[in-house]
């Protein structure tokens, strides 16, 4: 009992990472929490604007929901390949890490390409930040804000994964580095699940 108490005291003495996590992982979790709150604020604002709107556009008349579902499937699948990359990194299988990291980056590129096509389609239909042909001006604003902000996160994630792939090919990537990239990627995927559900489905 006294030994356990001594260990607790030692942890409060400084120089010990909480939960055996390195400072980089802790900082990534801090970023995820703060960025998650930012996304939550955007989604809450969207919900408030939608409740106040007299006639919110019907999503099925604006978007191709099967196409959006395909985008979601691509991104969720990339989360599975990222998890495989992290597992391979922890097991020391470098060639497997490189393969799964590249597959994850490819999934992100496919998602961004599909999103660019969706944006092009809606812009050609007349959607703008301040107006759109479906009525409520805020509809276009929230569409471009939510999907654009999330798409920026995906782009940053893809660039990060490409850096991890290069480092892995040079045998410089560490299991912790791959895991941190995985934390960010899983966060981006989880945020899209909320956007898909709240903006496109409900």
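Brief remarks on what is shown
- Within the stretch 129-165, considering residues that are in contact with a helix residue (DSSP H, G or I) (Cβ under 7 Å, 6 or more places away or on another chain) and not in a helix (DSSP H, G or I), the one farthest from residue 25 (Cα to Cα): 134
- Verdict on residue 28 being over 30 Å from residue 202 (Cα atoms) and either touching a helix residue (DSSP H, G or I) at 6+ places or on another chain (Cβ under 8 Å) or at pLDDT 90 or above (or both): yes
- From the options 162, 183, residue that is more than 16 Å from residue 22 (Cα to Cα) and surrounded by fewer than 18 Cβ atoms within 10 Å (Cβ to Cβ): 162
- Residue within the stretch 166-177 that is touching a helix residue (DSSP H, G or I) at 6+ places or on another chain (Cβ under 6 Å), in contact (Cβ under 8 Å) with a residue 40 or more places away in the chain and surrounded by 16 or more Cβ atoms within 10 Å (Cβ to Cβ) present: yes
The values are calculated or read from the model by the stated rules, or taken from the named source; none is laboratory data. Values in this document were obtained by computation on a predicted structure and should not be read as measured data. Positions of Cβ are generated from backbone atoms using ideal geometry, with glycine treated the same way; all protein chains shown enter the neighbour counts.
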